[in-house]
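Asker: This is the structure I want to talk about, given as structure tokens.
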Amino acid sequence: IKKIGVLTSGGDAPGMNAAVSAVIKAAYAKNIEVYIVRDGYKGLVNNWLEKVDINFSQDIISRGGTAIGSARLPEFKEVEVREKAVANLKNAGIEALVVIGGDGSYMGAQRLTEMGINCIGLPGTIDNDIVSSDYTIGFDTALNTVMESIEKIRDTMQSHNRCAVVEVMGNRCGDLALYAGTVTGAEVISTSEGQLSEEEIVNEVARLSKLGKRSVIIVISEKIYDANELAKKIEAASGYVTRATILGHTQRGGTPTAMDRYLAITSAIYAVDQLVAGKGGLYVGLDGQQLIARDINSTLNIPRKDRTQELTTIRLLNSQFKK
Ligand code: ATP
């Protein structure tokens, strides 16, 4: 193998640059040329391919976002659109690709592999919603951002005897909300997989208010309530002045943590090894302490981790309060 490409696709995540950097270094060490693809599959179709040298890998390792750009291209599901991408790659002599993104991106990688371009996927998403990897690249950074935000909100809620509803991104995966609620001692946590009714939340806050709790933090996953409406209902029932904060895209940016960079770099080195071994249609995940490459088709059928027990335990512990 003489030339490979690397692209980032879907939602960006801190650590994607560290992965790109490591793909370049690992390939360079094996005398393989690397082409970056600007803006994911969109760039493949539009022939936005650029050969880079080892120096490109050096200043991006610590940067948030993705320096090579990401995009969504729903048309990539159509075979005629993918044929353009394959033709562009073949014209440039690029034989294989590393695709950094979420499980939607893996579907594109699988289809390209079936069309003769070996692809290996790396789990790049803040959501931690890739079932066969214990953690995804970007999750740890986003979690730390959410934790710091909640703690800042707690300071002012405590000063003013208030309640805060904090909405956390996660694309239908409750991991960021659960972990952030756990590490900040949030009194109420409601996630995509363990959703409380609005009535249950309101009643719980009213109970804490009666007991005289100075501040209350409610962490909720995105897309399950209207955060501002929920805040109004809580205020009416509990007497706390209640404010909603939607963390949104603050969660997506920022300098990647050491753990995200380490996962990104080690999994990128592993991905290049897979391509050199002539493999494709695989994606790299963390299984305990071990990196593994699984068949993309099989991983998409693995059920999500069940966190119900953890959620129940944390809720019980965090709701305790003595008058
Ligand atoms: P995130 O979870 O962070 O949003 P993702 O990789 O799951 O990341 P998607 O928007 O689902 O994000 O997918 C990214 C891109 O992958 C799509 O815009 C499309 O170009 C391609 N893609 C998704 N599904 C398929 C498919 N079935 N066949 C071919 N390409 C696909």
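Asker: Contour minus end-to-end for Asn55 and Lys2, with contour as 0.36 nm per residue of separation and end-to-end as the Cα-Cα distance?
Answerer: Stretched out fully, the Asn55 to Lys2 stretch lengthens by 17.2 nm.
Asker: Nearest 10 degrees, 0 to 90: what angle lies between the long axis of helix 227-238 and the longest principal axis of the chain (Cα atoms)?
Answerer: Computed tilt is about 20 degrees.
Asker: Still on this structure, I have one more. Would you please put 158-170, 125-137, 233-245 in order of how densely packed they are, using the mean number of other Cβ atoms within 10 angstrom per residue and starting with the highest?
Answerer: Per-residue mean Cβ counts within 10 Å order the peptides as 125-137, 158-170, 233-245.
Asker: For Leu316 and Tyr262, calculate 0.36 nm times their separation in residues minus their Cα-Cα distance, and state this gained length in nm to one decimal.
Answerer: 16.0 nm
Asker: I would also like to ask the following. Which three numbers, in whole Å and largest first, are the semi-axes of the equivalent ellipsoid of segment 1-141 derived from its Cα gyration tensor as √(5λ)?
Answerer: That gives 21, 19, 13 Å for the three semi-axes.
Asker: Next up: So how tilted is helix 258-276 from the main axis of the chain? Cα-based, degrees 0 to 90, rounded to 10.
Answerer: 30
Asker: Which of these, Gly40, Gly121, Gly278, has the largest mean-square fluctuation under a Gaussian network model of the chain (Cα springs below 10 Å)?
Answerer: Of Gly40, Gly121, Gly278, the most mobile in the Gaussian network model is Gly278.
Asker: With 22 Å as the limit, write out which pairs from Lys77/Lys223; Lys25/Lys279; Lys3/Lys42; Lys42/Lys77 have Cα-Cα distances beyond it, or answer none.
Answerer: Lys77/Lys223
Asker: Also, I was wondering about something else. With angles folded into 0 to 90 degrees, how steeply does helix 16-29 sit against the dominant principal axis of the chain? Use alpha carbons for both and round to 10.
Answerer: Roughly 30 degrees, rounded to the nearest 10.
Asker: Related question: Restricting the count to DSSP beta bridges whose residues both fall in segment 11-123, what percent are antiparallel, rounded to a multiple of 5?
Answerer: Around 40 percent antiparallel, to the nearest 5.
Asker: Which three extents, in whole angstrom, do the alpha-carbon atoms of the chain cover along their principal axes, largest first?
Answerer: Principal axes ranked by extent give 70, 35, 34 Å for the Cα atoms.
Asker: Still on this structure, I have one more. Largest first and in whole Å, what are the equivalent-ellipsoid semi-axes of segment 82-226 based on the Cα gyration tensor, each being the root of 5 times an eigenvalue?
Answerer: In descending order the semi-axes read 43, 14, 10 Å.
Asker: Which GluC sites (Glu not before Pro) in segment 59-115 sit in a loop by DSSP (not H, G, I, E or B) and have at most 14 other Cβ atoms within 10 Å of their own Cβ?
Answerer: Passing sites in segment 59-115 are Glu78.
Asker: Now, a different point. Given points 7 Å out from each Cα along the Cα-Cβ axis, report the Asp226 to Glu151 separation in nanometres with one decimal.
Answerer: Reported label-point gap for Asp226 and Glu151 is 3.4 nm.
Asker: What lysines sit close enough to Lys213 to cross-link, taking a C-alpha to C-alpha distance under 27 Å and skipping anything fewer than 8 places away on the same chain?
Answerer: Lys152, Lys232, Lys233, Lys322, Lys323
Asker: Can you tell me which aspartates and glutamates have their Cα less than 18 Å from the Cα of Lys2? Leave out same-chain residues fewer than eight positions away.
Answerer: Here the aspartates and glutamates satisfying the reach criterion relative to Lys2 are Glu33, Glu50, Asp53, Glu95, Asp273.
Asker: Okay, moving on. Measuring from label point to label point, each 7 Å out along Cα→Cβ, what is the Lys210 to Met107 span in nm?
Answerer: 4.8
Laboratory data are not the source of any read-out in this text; all were calculated from the coordinates shown. Computed from a predicted model, the values in this text were never measured in an experiment. Quick reminder, even Gly has a Cβ in these numbers, built from the backbone with ideal geometry, and neighbours come from all protein chains shown.
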